[in-house]
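Chemist: Below is one structure. I have some questions about it.
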Amino acid sequence: MVNFSLVADGSPVPSGTFTLGLRYKIAKGWHTYWDGLNDTGMPASWQLELPDGWTAGEAQWPAPVRYGIENGVVDHVYMDEATILIPITVPTSTQPGEANIRVSSKWLVCEEACIPEKGDATLTVKVVAELQASVVPEAIAKSRGRAITRGWGELSQQAPTLAPTTKLEEAVLHVHVPGATKLAFFPGRGSSPAEDLIADGETEGNTLRIPMHQRTGEPLTVCGVIEVTRMSKNKTLQTSWHSFDFTPETPVVSESKTESTSKPATNPE
């Protein structure tokens, strides 16, 4: 149900960094899972096999969509296609020529039933002495189009009265984004759950209020992604995704990792 392959955004150069894409092409009607807090399912995992000395950075998951509400659950999933981006750094000592990257991956794909699948893929890249212009593969471009920004990004650069505000008070998450027409909250994997994510996790308008559930004996930790839909200057709807993290030590933190427990390039199973 899923075709797994690898793509890259250009030819690597010594001491440079390029983007490796783990592409999951998903059959119509089926879906895979985001690396966040879901009621069902599990995200993809993988193992990278890189040339000697090459290193991988933090995986960048594209923004998912809310799913399953009509069935009484809230999952955050990918349909049709998902490409997870991993920055790869090439050591200075690397000589020009071909190099192979191998990846083994496992994932769960679901429709009415769920099927565990796995796949292996190999990509041969050509190391060149100097950086060359290249065409970014469509799969990588699409994933970057759904990139999750750390903090509010350009939204925070507006006038104080127009800048977004986010706060956690008495176990209630408050989000206000002036100009937004719709807001949604995607809890990260390390987050405490919402009391009722179906009812409270998405709203029409510019204000989101979500009572959070604090498990017995555990600190209240809220992290994840806010999806913001707003009208752009040219009068078209525009959607962006913004990550944040609240911890007991720091009640308000505007910038965080894309997901609370984003997997490193070598993703444990």
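Chemist: Calculate the spin-label point distance for T216 paired with E195, positioning each point 7 Å from the Cα along the beta-carbon direction, and give it in nanometres.
Modeler: Spacing of the two 7 Å Cα→Cβ label points: 1.9 nm.
Chemist: Relative to the present Cα-Cα distance, how much length would full extension add between S93 and K126 at 0.36 nm per residue of separation?
Modeler: 10.4 nm
Chemist: Can you list the HN-Hα couplings for region 216-223, worked out from phi with the Karplus curve (6.51, -1.76, 1.60; θ = phi - 60°), rounded to whole Hz and with x for Gly and Pro?
Modeler: So the Karplus estimates, Gly and Pro as x, are 4, x, 10, x, 7, 10, 10, 8 Hz.
Chemist: Starting from the Cα-Cα distance between E58 and E70, subtract it from 0.36 nm times their residue separation and give me the gain in nm to one decimal.
Modeler: 0.9 nm
Chemist: Using only the Cα atoms of the chain, what do you get for the radius of gyration and for Dmax, in Å?
Modeler: Calculated on Cα positions, Rg and Dmax stand at 19.7, 58 Å.
Chemist: When the expected Rg is taken as 2.2 N^0.38 Å, what fraction or multiple of it is the alpha-carbon Rg of region 149-246?
Modeler: Its radius of gyration relative to the 2.2 N^0.38 Å reference: 1.08.
Chemist: Then there is this: Would you grab the residues whose amide H sits under 5 Å from the one on E81? Only those 5+ places off in sequence or on another chain, please, with H modelled 1.01 Å from N.
Modeler: Here I26 satisfy the definition.
Chemist: Holding the Cα-Cα limit at 23 Å, pick out from K106/K126; K28/K142; K25/K182; K25/K142 the pairs that are longer than that.
Modeler: K106/K126; K25/K182
Chemist: Using the Karplus curve 6.51 cos²θ - 1.76 cosθ + 1.60 with θ = phi - 60°, work out ³J(HN,Hα) for each residue of region 126-131 in order, rounded to whole Hz, and write x for Gly and Pro.
Modeler: 3J(HN,Hα) across region 126-131, in whole Hz: 9, 6, 10, 6, 10, 4.
Chemist: Moving to a separate point now. Size of the dipole of the chain about the Cα centre, Lys and Arg at +1 and Asp and Glu at -1 on the beta carbon, nothing else charged, in debye to 20?
Modeler: In total the dipole reaches around 680 debye.
Chemist: Apply the Karplus parameterisation 6.51 cos²θ - 1.76 cosθ + 1.60, with θ equal to phi minus 60°, to every residue of region 86-101 and state each ³J(HN,Hα) to the nearest whole Hz, in sequence, with x for glycine and proline.
Modeler: Per residue, the Karplus-derived 3J(HN,Hα) values read 10, x, 10, 9, 9, x, 4, 6, 5, 8, x, x, 7, 9, 10, 10 Hz.
Chemist: Moving to a separate point now. Counting each DSSP H run of 4 or more residues in the chain as -39500 (n - 2.57), what helix-only mean residue ellipticity at 222 nm follows after dividing by all residues, to the nearest 500 deg cm²/dmol?
Modeler: -1000 deg cm²/dmol
We did not get these values from a lab; they are worked out from the coordinates using the rules stated. Being a predicted model, the structure only gives us computed values, none of them experimental. Cβ sites come from the backbone with ideal geometry, for glycine too, and all protein chains shown count toward neighbours.
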